[in-house]
Structure formats: structure tokens, C-alpha cells
Amino acid sequence: MEIYFTNKGIKRMNLILLILFLAACKSPSPSKGLVTAEEFKQLPKIDVHAHYKYPRTYLIDFFNRWNLKAMLVDVAIENEGTVVRNFDNYAAHQKLHPESFYLCTTFTADGIEEADYAERIIAQLKKDIDQGAIMVKVWKNFGMVTQDSEGNYIQINDARLNPIWDFLKENKITVLAHIADPEQAWRPLLDENNPHYNYYKNNPQYHAYNFPSMPSYEEIISARDAWIENNPGLKIIGAHICSMANNVDAVAARLDKYPNLSVEVGARFGDLAMQDSEKVKSFFETYQDRILFGTDYGTGEEESQLSAEEVRQEAERLEEQYKNLFHYLVSEDSMVLRKQNTKGLGLSKVVLSKIFSENYLRYLKESN
């Protein structure tokens, strides 16, 4: 039987072949030791740094499809003498879907000069833990925001905080520490392709370059390192790759020096993509027991405030964002990530299993 192709038919066949070729490029090759798409989908995943403050009708189905859970992380924002927390929102969301979410509380140095400061913070933490919090976050309020009555910035290694660290040690509560910002925060905004350009352009209050009186990046990092060293019994996860994501060698030096330190990768994939892929892959493989997956993704308003179309677009955007991060970790494809030309890391199933869930599940086991 002979088959004849018209020009239209040939074009259609070429299109089909192109699609099949592209699909093959995006499918990991088992012969290279990469996980398949289905293997990865079934892999348990925990996003240890998420901010889903408000429920979404699409969210639990999304989590179930990807075998994903998330830590709901509260952040305390200080503004003109007031401290705004959203712990009640996160606690309500976690209570609604306890099978999908963990809960993380927070505190600030606001009122640190008062005699009952530590006692008051510990009382708040006890209350939050009773409501289900299993982790505590400290934010860049320490070092970059909170000042005492004389205008001195309160650093994370301030001795007045020691009773709080002792309480957390005794109760085996892990601390998620976002101390300092990327080094770019202390530099002028010159490169629109820098992964942090848009954040500091849209949030000038956190662009340290605008505030010469603020402690330097190096000073805050030094205080952070001293805090880690002074609290060897405290389990610490350095949020955003320890605010040193642009230099995996510097992160590796801290992991080598501080056995109680791990890191999570939320919102710093662009920094990783700026560095040599083989070097970054080696970092992940070397410290596979000390790296955790995170995103910093979340929901900032109630679903009732959004139109059906806005909710649909939000769901599609979230799916695409997670897929991009998964693709970077799983494949060896060339790609553009946060405006950076890079190559996927192609991590093995063993390494992926640790980063996505096993490392944090070990934290939970050690806390009980």
C-alpha cells in the first residue's frame, strides 16, 4: 500500500515529528539515572517555606496531584510601631486541611528593652505551639528593621534573646531563619536581569542600598553566624539558602562549620541558575542531607476578593511556577530560569527524595 503526502500533509507530519522530538527532550532518560515524570510525581514533597495564608478551591487538588504538602509560615511585619502577624489565618487554614499543611509561627524583637520581653515571647510561642505550630521563623526584622530606643539595629545574636533559644532547644523546635537579604540588597539596581531587581524596585523599603545607616550585609551575616555557633543545640534551617544563594561555596563553608545548620532553597533558584550548573549540582549532591525544598509561594488575599478568571489564572500560574522549579532539579535540559540561561541539575532519585521530604521528616522525628 502506497502512501502519498500532499504539501499540507508533509507540513502536518513535520509538525507532529517536531512535537514528538520536543516531548522526548523533556522526558528524563532512565538510562542516565534520571527519574521519570511519573516517578517524580509520586515522590513525596514538602514545601518547607510557603505562605498560603488563605484557602483556595483548587489548592488541595493541586497538592494531591503532586503528592505535595507545605509549611504555612507566618511573617511578622513591623510598621510604624506596630507588629502585624497572620498566625490566626495560617492556623485556620492548617486546621481546615491538616493532611496537607504544617504550621510555623514567628516573633520579633519589638519590645526587647522591656524587662518581661523574653517571658512574653515565650508565652506567645507556647500558645502558638499549642495551636499546632511545629516550627518558628525569624525574619529580617533582626538586623534590618527593628531598632532600640537609641537607634541601634537589633541583631539575631543579641544576648537578650537567649532565653527564647533555650526554650526552643528544650522543646526541640526548629528555627527557620531568614536573616539578611541577598547581597544585591546592598548594591545599586543596575542590572534588570538580576533575579532580585524587580523585588527591590517594587519594595524599596527593603533595598538596603537606600539606607546607609543600616548595618552592612557582612555585619548581619557575621551576627547570624555567631548566633548559629553559640546555639549548637538549636536546629536551624537557613531560609533562602542562608541569604548567600549567589555563592554556594560560602554556603558550603557554613554547612561544614555548623552541624546544626541546614538550608532551604525558596525564592533563590535564580541565584543558583547564575552559577555553573555542574558546581551547583555538586553542592546538592555533597550536602544532600542538609538541603530542603521551599518556594516562598503563597496566597495574599481571600478567594472571595478575586474573580473566577483571576482564580483560574492564579492556579495556572502556580502550576507553572512549581513545574519550572521541578524541571530545574529533575532534568538536564537547557532552560531560562528567572531570566538566567542555565541547565537543569538532573539530580538522582536518592538526592531528590531527601531534598523534597526525607530531610524534613527527619527533623519532625527528632522533635518527637
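The values are calculated or read from the model by the stated rules, or taken from the named source; none is laboratory data. Keep in mind the model is a prediction, meaning the values are calculated, not measured. Cβ placement follows ideal geometry from the backbone for every residue including glycine, while neighbour counts extend to all protein chains displayed.
The table below lists the values:
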quantity	calculated
Residue identified as assigned to a loop (DSSP other than H, G, I, E, B), modelled with pLDDT of 95 or more and either more than 24 Å from ASP181 (Cβ to Cβ) or over 16 Å from the mean Cα position of the chain (by Cα) (or both) among GLU301, GLU320, GLU314, GLU310	GLU301
Single match in TRP165, TRP186 (criterion: at negative phi, among the aromatic types (Phe, Trp, Tyr) and free of Cβ contacts under 8 Å to residues at least 40 places away in the same chain)	TRP186
Strands (runs of 3 or more DSSP E) enclosed by the range 41-83 - at least 3 residues per element that are at pLDDT 95 or above and in contact with a strand residue (DSSP E or B) (Cβ under 8 Å, 6 or more places away or on another chain)	45-52, 68-73
The lone exception for ASP249 - which of (1) surrounded by fewer than 20 Cβ atoms within 10 Å (Cβ to Cβ); (2) touching a helix residue (DSSP H, G or I) at 6+ places or on another chain (Cβ under 8 Å); (3) in a helix (DSSP H, G or I) it fails	(2)
Residue tally, condition small (Gly, Ala, Ser) and under 18 Å from the mean Cα position of the chain (by Cα), over the range 323-346	0
Any hit, the range 98-106, residues being touching a strand residue (DSSP E or B) at 6+ places or on another chain (Cβ under 8 Å), in contact (Cβ under 8 Å) with a residue 60 or more places away in the chain and not in a loop (DSSP other than H, G, I, E, B)	yes
Qualifying residue in the range 166-173 (condition: within 15 Å of THR105 (Cβ to Cβ) and not in a loop (DSSP other than H, G, I, E, B))	yes
Members of the range 208-226 found to be touching a strand residue (DSSP E or B) at 6+ places or on another chain (Cβ under 8 Å) and buried (at least 24 other Cβ atoms within 10 Å of the Cβ), listed by number	ARG224
Selection count, the range 288-312, where residues are surrounded by fewer than 18 Cβ atoms within 10 Å (Cβ to Cβ), farther than 22 Å from ILE77 by Cα and touching a residue at least 12 places away in the same chain (Cβ under 8 Å)	3
Odd one out for ALA118, checked against (1) more than 18 Å from the chain's Cα centre (by Cα); (2) part of a loop (DSSP other than H, G, I, E, B)	(2)
Options GLN321, GLN340; residue that is surrounded by fewer than 18 Cβ atoms within 10 Å (Cβ to Cβ) and in contact with a Pro (Cβ under 8 Å, 6 or more places away or on another chain)	GLN340
